[in-house]
Amino acid sequence: LRENDELFKEQQKRFKEFHLAIQSYILYKEKYDLLSKVLNFSHVYPKDYILTDNTLNDIVEDVMKFNNKGYGYLSSNYMMSGLSSDVNSDDRIFGIIARYFAVLLFRSHSLDNNTPLNHYDVSEINQNDVSSLNCAIESILILQYWVSDESVKKATEKLGFNYCESKEIQELLDKYKEELIAKKEDLLIHPTTNPEKIKEIKKRLIENAVE
């Protein structure tokens, strides 16, 4: 099955990443009517919005992914018209993308489906890795910054979302962040061995033995 093909899965990830970047660009250009059509598009019933993020876990995970891209990746792949090309291009592009994810929080909060915004699972974050937890916490702080931004307020109103829910969204992000911090502190007190690191060590030992 193609779903089990690693190359196909990677292509799916890149395709969605591209769409998220395009949606961010549409918001950046303030094309609200077009963005509203994109956000409400679904070719199946019941509706399934596969080319955007619908849950808090999805949003935090994708903020982490974009935030962890290497230097030059965003400016090389998603340079946006109107931005100057310099050493700060990646930071500006990431800010535009992060702002879009903040808008998606309001959209997710308004969705009538089986995965509302407040349905999240901290266990989906790699709890055996302090750096992963730190990235998740940083991503939530970034989202909280943008949720309070005036440009996000304007966008939510233009798109028909309720900005009055910002306090509730901030409280939810606080709760999520506190749980991640608790997981991090527990890991620092009671460290565990990362299974992936064990696999890597075994792989290297085998390779060295063969050599």
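Summary of values
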item: Extension gain, residue 168 back to residue 51 (0.36 nm per residue minus Cα-Cα distance, nm); result: 39.6 nm
item: Residue 9-residue 91 FRET efficiency (beta carbon distance; Förster radius 35 Å; 0.05 resolution); result: 0.75
item: Sites residue 206 and residue 129, calculated FRET efficiency, Cβ-Cβ separation with R0 25 Å, nearest 0.05; result: 0.60
item: Inter-label distance for residue 145 and residue 73, nm, one decimal - labels placed 7 Å from Cα along Cα-to-Cβ; result: 1.8
item: Chain lengthening between residue 37 and residue 81 when straightened (0.36 nm per residue, less Cα-Cα); result: 13.6 nm
item: Cut-off 12 Å between beta-carbons: net charge of the residues surrounding residue 171, Lys and Arg +1, Asp and Glu -1; result: -1
item: Set 37/158; 13/65; 16/158; 29/153 screened for pairs whose C-alpha atoms are more than 20 Å apart; result: 16/158
item: Gain on full stretching of the segment that runs from residue 61 to residue 187 - 0.36 nm per residue minus C-alpha separation; result: 43.4 nm
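No lab work stands behind these numbers, since they all come straight from the coordinates. Predicted model, so just to flag it, every value in this text is computed and none were measured. Neighbour counts run over all protein chains shown; Cβ positions are idealised from the backbone, glycine included.
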